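K.L.:
Just passing along the structure, written as structure tokens.
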Amino acid sequence: MKYSRIVGTGGYLPEKILTNADLEKMVNTTDRWIRERTGIYKRHLAAEGQTTCDLSEQAVKLAIEMAGIETNQIDLIIVATTTPDRVFPSTACLLQQRLGIHGCAAFDIQAVCTGFIYALGVADQFIRSGMAMTALVIGAETLSRIIDWTDRNTCVLFGDGAGAVVLKADQVPGILSSHLHADGEYEQLLTVPVGVSQGYDKMQQGETYIQMKGHEVFKIAVNTLGQIVDETLNAHQMDKSEVDWLIPHQANIRIIQATAKKLKMTMDKVVVTVGEHGNTSAASVPLALDVAVRQGKIQRGEVLLMEAFGGGFTWGSVLAKY
Ligand code: UT7
């Protein structure tokens, strides 16, 4: 039996920081409201000209260094992003070029905030089936480019960043299972309602912003993430107490607390980065994983439950032994 194992992690946050105090000067909001309703107190923003591929490259270098692999061993690159550098080529192809690799499969995955979970699930299948031996899986976003900085409902929530993992084939797990879901019925609740084949003229004029019915999204996210926890544990007949770490999508501290409660987990077993990172969409789970690994919190052999929920709606989980 072949499994995939996480052998390296990396994260990168752009230098520029936007605090709640900065936002108080931009829209009708308060530091108190943002902290109490979301748990966020700062977020990082890409510099002018700094792209999703730029952020990915930095995260990947650190992940490769930790994994101790050579770039020529990489035979699969998947970038999960909603904010690719270009319409095409994919950000994965641009990244492949930066890394000086030629020939291996490279593609992007678009599942918004669940993107990294989808990408990890897909890469795991490639490795299990023998189609790849060493995969780079990245979640990276420059969400600041699609935020309406006059809309207090959304502009206080999001940030930019990138997280990466190196996955390697191994005889021992590794990733135990992935659980991926979507329901397009909810496309209106969280969307950027323009793209290449719809409203491209607006896109060219820069009117391309995230729109969210936050309260509705919140309620469905809490319920759905509760269900994905059950589904994941049931698949392994595993008890809640057997999960060592919850590494959730970092959208809102109250959503994270609700999932922890469902797992009967104390918050010291939950990796929380939303305060410093904001919601970085596809980057949030790999960034949180990297922070916890580099802080020495997560130890080899421990059981990790990663989960996310986002636009689409999409949602999913990956259960892994680190
Ligand atoms: O990552 C993908 C998934 N995304 C999510 O999971 C996000 C889910 N949603 C949320 O995290 C929360 O719904 C929000 C943080 C977006 C909003 O929190 P809420 O507790 O659901 O607030 P609300 O939308 O019900 O709004 C409460 C009030 C409203 O005022 P009224 O109508 O009660 O007078 C809003 O206008 O808060 C107001 N409000 C703000 N006030 C100050 C909304 N944004 C702000 C703001 N500052 N930035």
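The values are calculated or read from the model by the stated rules, or taken from the named source; none is laboratory data. Worth saying up front: this structure is predicted, and the values here are computed from it rather than measured. FYI the Cβ positions are ideal-geometry reconstructions off the backbone, even for glycines, and counts take in every protein chain you see. In case anyone asks, the SASA skips ligands and DNA or RNA and just uses the protein heavy atoms, side chains included. Shrake-Rupley method; radii C 1.70, N 1.55, O 1.52, S 1.80 Å.
K.L.:
Could you tell me how many of the residues in the stretch 27-39 are more than 9 Å from the ligand (Cβ to nearest atom) and in contact with a strand residue (DSSP E or B) (Cβ under 9 Å, 6 or more places away or on another chain)?
P.N.:
Within the stretch 27-39, residues that are more than 9 Å from the ligand (Cβ to nearest atom) and in contact with a strand residue (DSSP E or B) (Cβ under 9 Å, 6 or more places away or on another chain) number 1.
K.L.:
Given Thr19, Thr71, which one is of a type in the set (S, T, N, Q), open to solvent by 20 Å² or more (accessible area, probe 1.4 Å) and within 16 Å of the ligand (Cβ to nearest atom)?
P.N.:
Checking each option against the conditions leaves just Thr19.
K.L.:
Also, I was wondering about something else. May I ask you to list the residues in the stretch 190-203 that are open to solvent by less than 40 Å² (accessible area, probe 1.4 Å) and in contact with a strand residue (DSSP E or B) (Cβ under 7 Å, 6 or more places away or on another chain)?
P.N.:
Hits for the stretch 190-203 are Leu190, Thr191.
K.L.:
While we're here: In this structure, is Arg5 under 30 Å from Arg254 (Cβ atoms) and either charged (D, E, K, R) or in a loop (DSSP other than H, G, I, E, B) (or both)?
P.N.:
no
K.L.:
So Gly206 fits all but one of (1) at pLDDT 95 or above; (2) more than 16 Å from the ligand (Cβ to nearest atom); (3) out of contact with any Ser or Thr (no Cβ under 9 Å at 6 or more places or on another chain); what number is the exception?
P.N.:
(1)
K.L.:
Testing Gly115 on (1) surrounded by 17 or more Cβ atoms within 10 Å (Cβ to Cβ); (2) more than 26 Å from Asp230 (Cα to Cα), one condition comes back false. Which one is that?
P.N.:
Among (1) surrounded by 17 or more Cβ atoms within 10 Å (Cβ to Cβ); (2) more than 26 Å from Asp230 (Cα to Cα), the lone unmet condition for Gly115 is (2).
K.L.:
Do you know which of the residues in the stretch 138-157 that are open to solvent by 10 Å² or more (accessible area, probe 1.4 Å) and either in a helix (DSSP H, G or I) or touching a Gly at 6+ places or on another chain (Cβ under 7 Å) (or both) is farthest from the ligand (Cβ to nearest atom)?
P.N.:
Arg145
K.L.:
Give all pairs with beta carbons closer than 8 Å in which a residue from the stretch 69-88 that is closer than 20 Å to Ala308 by Cβ meets a residue that is of a type in the set (Lys, Arg) and outside any loop (DSSP other than H, G, I, E, B); count only pairs at least 6 apart in sequence or on separate chains.
P.N.:
Thr83/Arg145
K.L.:
Then there's this: Scan the helices (runs of 4 or more DSSP H) fully inside the stretch 204-302 and keep the ones with 2 or more residues being surrounded by fewer than 17 Cβ atoms within 10 Å (Cβ to Cβ).
P.N.:
Once the helices (runs of 4 or more DSSP H) in the stretch 204-302 are filtered for at least 2 residues that are surrounded by fewer than 17 Cβ atoms within 10 Å (Cβ to Cβ), what remains is 214-235, 253-262.
K.L.:
Got a number for residues in the stretch 158-181 being of a type in the set (Asp, Glu) and within 16 Å of the ligand (Cβ to nearest atom)?
P.N.:
Final tally of qualifying residues: 1.
K.L.:
Sticking with this one: Working only within the stretch 247-262, note down all residues that are touching a Ser or Thr at 6+ places or on another chain (Cβ under 9 Å) and either away from the ligand (no atom under 16 Å from the Cβ) or free of Cβ contacts under 8 Å to residues at least 24 places away in the same chain (or both).
P.N.:
Matches in the stretch 247-262: Ala260 only.
K.L.:
Quick one: how many residues across the stretch 18-52 are without any contact (Cβ under 8 Å) to a residue 60 or more places away in the chain and in contact with an Asp or Glu (Cβ under 9 Å, 6 or more places away or on another chain)?
P.N.:
6
K.L.:
May I pose another question? Scanning the stretch 294-322 for residues that are away from the ligand (no atom under 16 Å from the Cβ) and touching a Gly at 6+ places or on another chain (Cβ under 9 Å), which turns out nearest to Pro193 (Cα to Cα)?
P.N.:
If we take residues in the stretch 294-322 being away from the ligand (no atom under 16 Å from the Cβ) and touching a Gly at 6+ places or on another chain (Cβ under 9 Å), then Val318 is nearest to Pro193 (Cα to Cα).
K.L.:
So if I check each of Ala135, Ala119, which one is away from the ligand (no atom under 15 Å from the Cβ), within 22 Å of Pro84 (Cα to Cα) and touching a Leu at 6+ places or on another chain (Cβ under 6 Å)?
P.N.:
After ruling out the rest, the residue left standing is Ala135.
K.L.:
Right, here's the next one. Looking at this structure, is Ile228 within 16 Å of the ligand (Cβ to nearest atom), without any contact (Cβ under 8 Å) to a residue 60 or more places away in the chain and within 16 Å of Thr114 (Cβ to Cβ)?
P.N.:
Answer is no for this residue.
K.L.:
It is to be established whether one or more residues within the stretch 182-196 are touching an Asp or Glu at 6+ places or on another chain (Cβ under 7 Å), touching a residue at least 40 places away in the same chain (Cβ under 8 Å) and within 16 Å of the ligand (Cβ to nearest atom).
P.N.:
Scanning the stretch 182-196 turns up at least one residue that is touching an Asp or Glu at 6+ places or on another chain (Cβ under 7 Å), touching a residue at least 40 places away in the same chain (Cβ under 8 Å) and within 16 Å of the ligand (Cβ to nearest atom).
K.L.:
Just the residues that are assigned to a helix (DSSP H, G or I) and either at pLDDT below 95 or of a type in the set (Gly, Ala, Ser) (or both), please, taken from the stretch 11-38.
P.N.:
Within the stretch 11-38, Ala21 is the sole residue that qualifies.
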